[in-house]
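One structure is given here, and the rest of the page talks about it.
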Amino acid sequence: MSDIYRASTTAPVNIAVIKYWGKRDPKLNLPTNSSLSVTLSQADLRTHTTASCSASYPKEDTLLLNGTPQDVSGARTQACFRELRALRTQLEGSDSSVPKLATLPLKIVSENNFPTAAGLASSAAGFAALVRAIANLYKLPSSPTDLSRIARQGSGSACRSLFGGYVGWEQGSASDGSDSVAFQVAPASHWPTMRAVILVVSAAKKGVSSTTGMQTTVATSSLFASRASETVPRRMAEMQKAIQEKDFEAFGKVTMMDSNSFHATCLDTYPPIFYLNDVSRAAIKVVESINAAAGRIVAAYTFDAGPNAVVYYLEENEKDVAGLFKSILEEKDGWKGARGEKIEAQGAAFEKV
Ligand code: ADP
Ligand code: DP6
Ligand code: CO
């Protein structure tokens, strides 16, 4: 009977306030612009992944996601396996006391406790957890930056889920992707009153995956070039300043404008991509009315590649923001009935680093 080696980890979701959308190198997952996100608390949305290996396993590597076998032959998953195995091989070297794990078949078992492929960053939490679970299994001395370089090849947004708090992803310029990594802009403790409410408009799998969507946008949208080369670089600087200064009005305004800019490029794609629906737009109007009533920006919406809203706010405005969303959901069953779609509110605190 052969030994079974095993390691588990969890990874959080991150929701971008400056969106990654566009690849300059689809093979290495190198982006056309830098991006910035907030890592959410693992108490709410997270992936749990166990990686194991054994000579007793069937020869092929396997990945079970929420109980369903996944195809691991794709170039992205293969790139993660290959890089991690290469690091383990280095570690094994000629030291005969280090068990030879790099050549053993891998069995990955993963669970997302939130909708997969619905625009709530499952690929981010999923690949961050996959890479870290294998790194733990192999006892690699890799830093979060090193792991972010590997996770990026699984899914771009995954590189940011290896850090907590406010996280940037530097697009980099090296053709081998060595400088296209995530970095922490500030720990969650820097601005601990930040909160997010997530409105699950639809848990259904999106019609156009992020990978396909962004490649079609790059190929066909005429708005895209100026977003990548002018708008985003300016906003990256504004956003980092807003976070450093804990300026919620600036943070909120840039967040909402960048979400709108990203969805504008989706609409400008041919054929057009519609990630937002009527309920998403109703959520935008609720946020606009909250801000109008407050006379300043106290709530900021953002949407990834899907209809589900994430609304950022500060704890001191909990009642006006999350409270209002929750009461609308309780009172207005009409939102459900009229549109046949369900909205669920979930509180999400930020990861304590
Ligand atoms: P999302 O908006 O949820 O990130 P994407 O289209 O970017 O949607 O990616 C969804 C894909 O990510 C899934 O179809 C699956 O291939 C992969 N994925 C999601 N969760 C995991 C996980 N826990 N482990 C491995 N891969 C995952
Ligand atoms: C809209 O990271 O899911 O959520 O690299 O092709 O896997 P791939 O794409 P993915 O794209 C995320 C797009 C986004 C914005 C963001 O998270 O920055
Ligand atoms: Co994704």
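Each value in this text was obtained by applying a stated rule to the coordinates, not by laboratory testing. None of the values given here were measured: they were computed from a predicted structure. Reconstructed Cβ throughout: ideal geometry from the backbone, glycine too, with neighbour counts over all protein chains shown.
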TODO: Based on the mean of other Cβ atoms within 10 Å per residue, sort peptides 263-276, 13-26, 287-300 so the most packed one is first.
DONE: 13-26, 263-276, 287-300
- [ ] Note down the relative contact order for the stretch 88-218 as a percent, whole number, built from C-alpha pairs under 8 angstrom at least six residues apart.
- [x] 20 percent
Open item on the list: Treating only the Cα positions of the stretch 119-158 as identical point scatterers, give the base-10 log of I(q)/I(0) from the Debye formula at each q in 0.20, 0.25, 0.35 Å⁻¹.
Closed with: -0.51, -0.75, -1.17
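When Lys and Arg each count +1 and Asp and Glu each count -1, what net charge do the other residues less than 14 Å away from GLU245, Cβ to Cβ, add up to?
For residues surrounding GLU245, the net value is 0.
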- [ ] Beta carbons within 10 angstrom, averaged per residue: use that to sort the peptides 35-42, 125-132, highest first.
- [x] 125-132, 35-42
TODO: Taking 7 Å along the Cα-to-C-beta vector as the label spot, tell me the SER289-ASN260 distance in nanometres, rounded to one decimal.
DONE: 1.9 nm
TODO: Write down the radius of gyration of the stretch 34-144 and its Dmax, each obtained from C-alpha positions, in Å.
DONE: 15.0, 46
Task: Net charge of neighbours whose Cβ lies under 10 Å from the Cβ of ALA182, counting Lys and Arg as +1 and Asp and Glu as -1 - done: +2
Open item on the list: I want to check the label-to-label distance for THR62 and ARG234. Put each point 7 Å from Cα in the C-beta direction and report it in nm to one decimal.
Closed with: 5.3 nm
Open item on the list: Assuming 0.36 nm per residue, please report the length gained on full extension of the stretch LYS241 to THR89 beyond their Cα-Cα distance.
Closed with: 50.5 nm
Task: Alpha-carbon Debye profile of the stretch 131-251, log10 I(q)/I(0) at 0.09, 0.11, 0.12, 0.22 Å⁻¹ - done: -0.34, -0.52, -0.62, -1.36
- [ ] Take peptides 87-100, 150-163, 217-230 and line them up by average Cβ neighbours within 10 Å, highest first, as a rough protection proxy.
- [x] 150-163, 217-230, 87-100
Open item on the list: Placing +1 on the Cβ of each Lys and Arg and -1 on the Cβ of each Asp and Glu in the chain, which of SER202, THR220, ILE328 has its Cα farthest towards the positive end of the resulting dipole?
Closed with: THR220
- [ ] Could you work out how far apart the two model spin labels at TYR5 and SER327 are, taking each label as a point 7 Å from the Cα in the direction of the beta carbon, and quote it in nm?
- [x] 5.7 nm
TODO: Determine the relative contact order of the stretch 190-308: mean sequence separation of Cα pairs under 8 Å and six or more apart, normalised by residue count, in whole percent.
DONE: 34 percent
TODO: Using only the Cα atoms, work out Rg/Rh for the stretch 90-142, with Rh taken as the Kirkwood radius, to two decimals.
DONE: 1.12
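What FRET efficiency comes out for THR220 versus LYS27 if R0 is 30 angstrom and r is the Cβ-Cβ distance? Round to the nearest 0.05. Show your work: numbers first, answer last.
Numbers: r = 21 Å, r/R0 = 0.69.
The value I calculate is 0.90.
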TODO: For the chain, give the magnitude of the charge dipole about the Cα centre (Cβ charges: +1 Lys/Arg, -1 Asp/Glu; no others), in debye to the nearest 20.
DONE: 480 debye
Task: Helical contribution to [θ] at 222 nm, DSSP H n ≥ 4, -39,500 (n - 2.57), averaged over the chain, rounded to 500 - done: -11000 deg cm²/dmol
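Determine the relative contact order of the chain: mean sequence separation of Cα pairs under 8 Å and six or more apart, normalised by residue count, in whole percent.
22 percent
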TODO: State, in angstrom, two size descriptors of the chain derived from its alpha carbons: Rg to one decimal place and Dmax to the nearest whole number.
DONE: 20.6, 69
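Taking every DSSP beta bridge with both residues inside the chain, roughly what % is antiparallel (nearest 5)?
Numbers: 49 of 53 bridges.
Antiparallel bridges: around 90 percent, rounded to the nearest 5.
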